[in-house]
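Colleague: Got a structure for you, questions after.
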Amino acid sequence: MRIITNPQVFQKTMEALREKGKQIGFVPTMGALHHGHLELMRRSKQENDVTAVSIFVNPTQFGPKEDFRRYPRPAARDQKLLIQAEVDFLLMPSVAAMYPAGTALFVDLNSEQDGLTQRYCGQTRPGHFRGVLTVCAKLFNIARPHRVYMGAKDYQQTVVIDRLIRELHLGIKMVRVPTVRESDGLALSSRNIYLSPADRRRARALSQTLQELQGELQRGKRNLKALLQDARRKLAHSVDKLDYLEAADPVTLEPLAKPQKHMVLLTACTVGKTRLIDNVIINLP
Ligand code: AMP
């Protein structure tokens, strides 16, 4: 695996490979890699000639009171995992290299025309998606891959990035990879290491609640409002703070008042000091 810190060098390297006709798969991450990340790389390796990963803890997507400083950065361990996964290239840029003019430029969706970045995680984390959009616009322009691999775990993020790719005519295919979970259902996340053993047990409530709701909808229950309210009440009991539990259209993320054939259930909660998110995609018969 070749490690590159300079975005321009990385860009030239990818360009040369593209000119040789190689298909490039790109996996943007913030490091502290786990099996969820590795699954994205496995998919990319299956579908491309070259797989490139980036590790960059992006400051602009963290709020002032969030965990940017203490976010885990186990560089040596990550590199070992990437070598084992037979990843070809790793981009590890500095903040200065990614933001040469500081925060002079942002890429954002117009919230008046598109509520997408204001809802759900956007409401609890103002500016978060602006940071995500900005860093992905930069990373995608540096890598110019054929395909980019993103986890369904961050469902809203995949919808936001879909818009970015379309609006900027990037011509990249975004592959949404199903969420990888622990055996008890908890979605893998770099932030799970913050959980104390007791909080780790309580964190199961997110996936359990979503699964129960999914079961009820699949068994034909139709009173979505009451189902959600009941589930919210139970979930709020297990966690320290329930941010949201909603049913939404999987394409627009508009909240739903009634069940429909294709839906996504989305939740975010704080357990201890850790904010966790999860979702489940539902396809009714
Ligand atoms: P992060 O390093 O948290 O920014 O995540 C990098 C990528 O890995 C994002 O596209 C995430 O959605 C994806 N990812 C994180 N956790 C999981 C998981 N449990 N299963 C699948 N993909 C994941």
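Just so it is clear, none of the values below were taken in a lab; they were calculated from the coordinates. Computed from a predicted model, the values in this text were never measured in an experiment. For neighbour counting, all protein chains shown are included, and Cβ atoms are generated from backbone atoms with ideal geometry for every residue, glycine included.
Colleague: Can you pull the percent of Cα pairs in region 92-161 with separation above 13 Å?
Modeller: 69
Colleague: Taking the Cα atoms only, what angle lies between the long axis of helix 7-19 and the longest principal axis of the chain, rounded to 10 degrees?
Modeller: 80
Colleague: Over all alpha-carbon pairs in the chain, figure out the percentage whose distance exceeds 34 Å.
Modeller: 20
Colleague: Between helix 155-167 and the chain, what is the angle of the helix's C-alpha long axis to the longest principal axis, kept within 0 to 90° and rounded to the nearest 10?
Modeller: For helix 155-167, the angle is close to 50 degrees.
Colleague: Rounded to the nearest 5, what % of the DSSP beta bridges within the chain are antiparallel ones?
Modeller: In the chain, approximately 50 percent of DSSP beta bridges are antiparallel ones.
Colleague: Between 0 and 90 degrees, rounded to the nearest ten: what's the tilt of helix 128-143 against the longest Cα principal axis of the chain?
Modeller: 30
Colleague: Right, here's the next one. Express in nm, to one decimal, how much length is gained between GLN214 and LYS234 on full extension, taking 0.36 nm for each residue of separation and deducting their alpha carbon distance.
Modeller: Value of the extension gain: 5.7 nm.
Colleague: Which of the lysines could a cross-linker bridge to LYS20, judged by Cα under 20 Å and excluding same-chain residues fewer than eight apart?
Modeller: LYS12, LYS45, LYS173
Colleague: Let me ask another. Between GLN11 and ASP162, what is the spin-label point distance in nm, taking each point 7 Å from the Cα along the Cα→C-beta axis?
Modeller: The answer from the label model is 2.9 nm.
Colleague: Of all the Cα-Cα pairs you can form in region 42-107, what percent are over 17 Å apart?
Modeller: Above the 17 Å cut-off, region 42-107 has 56 percent of its Cα pairs.
Colleague: Holding the Cα-Cα limit at 31 Å, pick out from LYS65/LYS153; LYS22/LYS80; LYS80/LYS261 the pairs that are longer than that.
Modeller: LYS80/LYS261
Colleague: When all C-alpha to C-alpha distances in region 139-219 are sorted into bins of 5 Å, what percent of pairs does each bin hold, rounded to whole numbers?
Modeller: Final binned percentages: 3, 12, 18, 18, 15, 12, 11, 9, 3, 0.
Colleague: Continuing with the same structure: By how many nm would the segment from GLU254 to ASP49 lengthen if fully extended, with 0.36 nm per residue of separation less the alpha-carbon distance?
Modeller: Working it through step by step, the gained length comes to 70.1 nm.
Colleague: Follow-up question, since we're still on this one. Using alpha carbons only, how many angstrom separate the centre of region 93-164 from the centre of region 49-64?
Modeller: If you average the Cα positions of each part, the centres end up 10 Å apart.
Colleague: Counting just the Cα atoms, what span does region 190-279 cover along each of its three principal axes? Round to the nearest Å and put the largest first.
Modeller: 38, 24, 17 Å, listed from the longest principal axis down.
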